[in-house]
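Notes for the one structure printed next.
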């Protein structure tokens, strides 16, 4: 074999090694980012479930003071069922939107009942809900950051060719609920208020 042929063989071998190393690096990078996105989504679902677990106690507490507000309480119960059934980020985002609206309705009802607002059980549940909402927002940011990193790695060229061949696909973001009716959250005050008419 001539020296020229050896050079060609050596170049082919080097090229194959470079391609193999590139595939290996891209694959491992995508796997790491995919695992990070899965972990981040798991954190989101834990916090969403934690909030859903608070809802029955909240409903029972409000029902003790405002049993006739059955429509509002039914809405939050329905929103809870929807939130627990949601699997994909888009479904969870829509369910989260409904849950926020339903919880805002319950808190608005509580405004009319000073005894409810002064109830230790209600105050504790509200504190836990606020804490959980903060954790949901933090989990959402972490998940969306992990998805952004994964999607960017998948979509840049030439990674996109490798990613498709290896079966990696872009993930959905967990978008914040769209604010439709009220651009500002309802103000919840715990100051003195008059009892609703007809209550003794």
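Coordinate-derived values only; no laboratory data. This structure is a prediction, so every number in the text was calculated from the model and none was measured.
Relative to the longest principal axis of the Cα atoms of the chain, helix 70-85 runs at roughly 20 degrees. Take every Cα pair under 8 Å whose residues are at least 6 apart in sequence, average their separation, divide by the length of the chain, and the relative contact order is 31 percent.
To the nearest whole percent, what portion of all C-alpha pairs in the range 23-166 is separated by more than 26 angstrom? Write down the numbers at each step before the final one.
Numbers: 4057 of 10296 pairs.
Cα-Cα pairs of the range 23-166 separated by over 26 Å account for 39 percent.
log10 I(q)/I(0), Debye, Cα-only the range 75-152, no solvent, q = 0.12, 0.14, 0.21, 0.25 Å⁻¹? So the normalised log intensities work out to -0.44, -0.58, -1.03, -1.22.
Averaging sequence separations of C-alpha pairs under 8 Å and six or more residues apart, then dividing by the length of the range 90-179, give the relative contact order as a whole percent.
On the way: 43 pairs, mean separation 38.4, N = 90.
Once divided by the residue count of the range 90-179, the mean separation gives 43 percent.
Shape class of the range 47-92 from the alpha-carbon gyration tensor: oblate, with a/c at 1.5 or above and b/c at least as large as a/b.
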